[in-house]
Structure formats: structure tokens, C-alpha cells
1. What per residue convex hull volume, in Å³, do the alpha-carbon atoms of segment 90-201 yield?
2. Please list 216, 33, 125 from largest to smallest accessible area, probe radius 1.4 Å, with all protein chains kept in place.
3. Rounded to the nearest 20 Debye, what is the dipole magnitude of the chain about its Cα centre when Lys and Arg each give +1 and Asp and Glu each give -1 at the C-beta?
4. Using helices alone, I'd like the mean residue ellipticity at 222 nm for the chain: each DSSP H run of four-plus residues gives -39500 (n - 2.57), total over residue count, nearest 500.
5. Show the residues, 5+ positions off or on another chain, whose built amide H is closer than 5 Å to the amide H of residue 80.
6. Restricting to the chain, what percent of DSSP beta bridges are antiparallel, rounded to 5?
7. Once the convex hull of the alpha carbons of segment 49-117 is built, what does its volume come to per residue, in cubic angstrom?
8. Which is farthest toward the positive dipole end of the chain among 196, 225, 60, measuring Cα position about the Cα centre, with Cβ charges +1 (Lys, Arg) and -1 (Asp, Glu)?
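The values are calculated or read from the model by the stated rules, or taken from the named source; none is laboratory data. The model shown is predicted, which means the values in this text are computed figures rather than measured ones. Here Cβ is always computed from backbone atoms with ideal geometry, including for glycine, and neighbour counts include all displayed protein chains. Surface accessibility is based on the protein's heavy atoms, side chains included, excluding ligands, DNA and RNA. Shrake-Rupley method; radii C 1.70, N 1.55, O 1.52, S 1.80 Å.
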Amino acid sequence: MPTAFITGATAGIGAAFARRLASDGFDLVLLARDAPRLERAAAELRDRYAVRAEPLPADLSAEDGLAAAEDRVRTGVDLLVNNAGFGNKGVFLDVPVSDELTMLRVHCEAVLRLTHAALPGMLERGRGGVVNVSSAAAFATRGTYGASKAWVVNFSQGVAADIARRSGGRVRVMALCPGFVHTEFHDRAGMDMSDVPGFMWLDKDDVVDAALRDLRRGVQVSIPGPQYKAIVGLTRVLPRALVSRMSSSTGRKYE
């Protein structure tokens with residue numbers, strides 16, 4: 001069976017990837033910080049889908065956790081989903097710089113290092129894929145969070161182009177850029193999302209469906225949902241100052 005490695009695998013988009021890939025017959029390596037919750041998630045997936053589900057408790061903001069993840073990825077995975085991420089509780093200058101640096105380590109350094117660890121084996125085997133979960137915020141103005149997600153998009157596109165030439169398109173790298181998704185993300189960040197209209201919300205299982213479909217098609221930047229395709233398109237033609245004013249406040253009220 002093919003093996004998928006998923007970070008941030010116990011909740012939200014990561015958990016949705018785990019369920020979908022298990023149902024498709026993938027064995028799983030699941031990474032998250034909360035060991036008891038991770039063990040429960042792995043057991044449920046094994047019982048329901050009759051696949052291997054290996055829990056790897058690790059903190060990607062710590063060197064030992066990131067090194068453990070790299071070591072496991074190097075043993076061979078067919079699909080890497082770099083999903084782990086979080087939002088800080090406040091805007092820039094209201095957040096300790098140590099928390100901002102932690103965000104950059106999880107959103108950027110971990111993505112770079114795990115992608116770097118996964119690709120040599122995929123190229124050797126002549127198949128594989130990497131999904132780096134970014135955000136529609138990459139195309140807007142959302143402080144350190146948006147800046148880190150913009151890095152993920154740019155990084156993924158660059159690596160995708162390099163790898164396509166080496167693999168003949170059999171190894172693919174893609175940035176996944178969902179908008180607002182019903183997960184634990186906003187509650188954990190203490191964000192008041194009451195001003196976000198219903199049509200702006202995406203279902204996490206639909207996001208995963210779109211991501212896997214686009215990965216098979218060789219898309220380098222996947223933007224699930226017609227509303228977000230339209231919004232991202234507008235950000236590319238509207239004046240940057242206007243995009244900044246519109247995007248910097250929507251959904252960024254902190255409790």
C-alpha cells in the first residue's frame with residue numbers, strides 16, 4: 001500500500017486528509033503534538049479502514065520534533081501533506097516576537113525541511129506528491145500569518161517547477177490555498193468570526209477532494225471553491241492598497 005505522511009493530523013484539514021486517504025487505501029503516518037489525541041485518531045482510522053496508522057507525536061517548532069519528522073519521511077513516503085499550522089492571538093506588536101518566530105518555523109522551516117526530506121526518495125522511485133497547505137491569506141494582507149503562507153506558495157511553485165523537469169511530471173508539488181474552513185483553527189486563535197458571511201465558509205472534506213483532484217491534474221496552486229478563485233483573481237488586478245484595507249480586517253477580531 002502507498003504511505004501518506006500528514007502533519008497536524010488530528011483536527012481540521014489534516015484529519016480530513018487522513019480519513020480520505022485511509023478510505024483510498026493509504027497507510028498513514030500521523031504527526032501532531034497531542035500524543036493521547038493522536039493515538040486515539042490513529043486507532044480509529046485503523047479500526048474503520050483496516051490500514052496502518054502510525055502515530056508520531058512531535059512538535060515541529062522544536063528541533064528534536066522536526067528532526068524526528070525528517071527522519072521518518074526519509075524512510076519513504078508516497079504522499080507528504082504539510083498541514084500543521086496555527087494563528088497567533090492578536091495582530092503584529094500585540095504578539096510576542098517569540099510566537100511570531102515559532103509561526104515561521106512551523107509554517108516555513110518545517111515545510112522546507114520535510115519537503116527536502118521527502119523528494120529524493122520520490123524521485124528515486126519515480127512517483128510521489130507533496131501538498132503544502134497554504135491559505136487564501138497568501139494573496140491578501142494578514143500579518144505574519146499571510147506572509148508565511150505567501151512564502152509557502154512561492155516555495156512550492158519553485159520546487160514544483162524544478163521537480164517536474166527531473167521527474168517528467170511523475171513527482172508533483174502543490175500549494176493548497178483554502179479560504180475560511182470550519183475547523184478548530186479560529187477558536188484556538190481566539191478569533192471572532194461572526195462577521196464572515198456563510199457563503200465564505202468551506203467544508204474541510206470538500207477542500208481535500210479539490211486538493212487531491214488538483215494534485216492528480218498537476219496543478220501547482222490549488223484554490224478550492226469558486227468564491228475564492230474569484231477573490232484571488234481580484235487581488236491580482238485591484239490596487240494593492242485597496243486589497244490591504246479590505247483583507248487586513250475581515251475575520252481578524254480577537255476575543
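1. On the way: hull volume 13.1 nm³, N = 112.
Enclosed volume per residue, from the Cα hull, is 117 Å³.
2. Working: 216 150, 33 180, 125 90 Å².
Reading off the accessible areas and sorting them downward yields 33, 216, 125.
3. Numbers: 32 positive and 29 negative charges, 199 e Å.
Charge dipole, the chain, about its Cα centre: 960 debye, nearest 20.
4. Values: 10 runs with 124 residues, N = 255.
Using -39500 (n - 2.57) per qualifying helix, the result is -15000 deg cm²/dmol.
5. Counting only residues 5 or more places away or on other chains, the set is 5, 129, 130, 131.
6. Values: 2 of 29 bridges.
Of the beta bridges lying entirely in the chain, close to 5 percent run antiparallel.
7. On the way: hull volume 7.3 nm³, N = 69.
Convex hull of Cα atoms, per residue: 106 Å³.
8. Value: 225.
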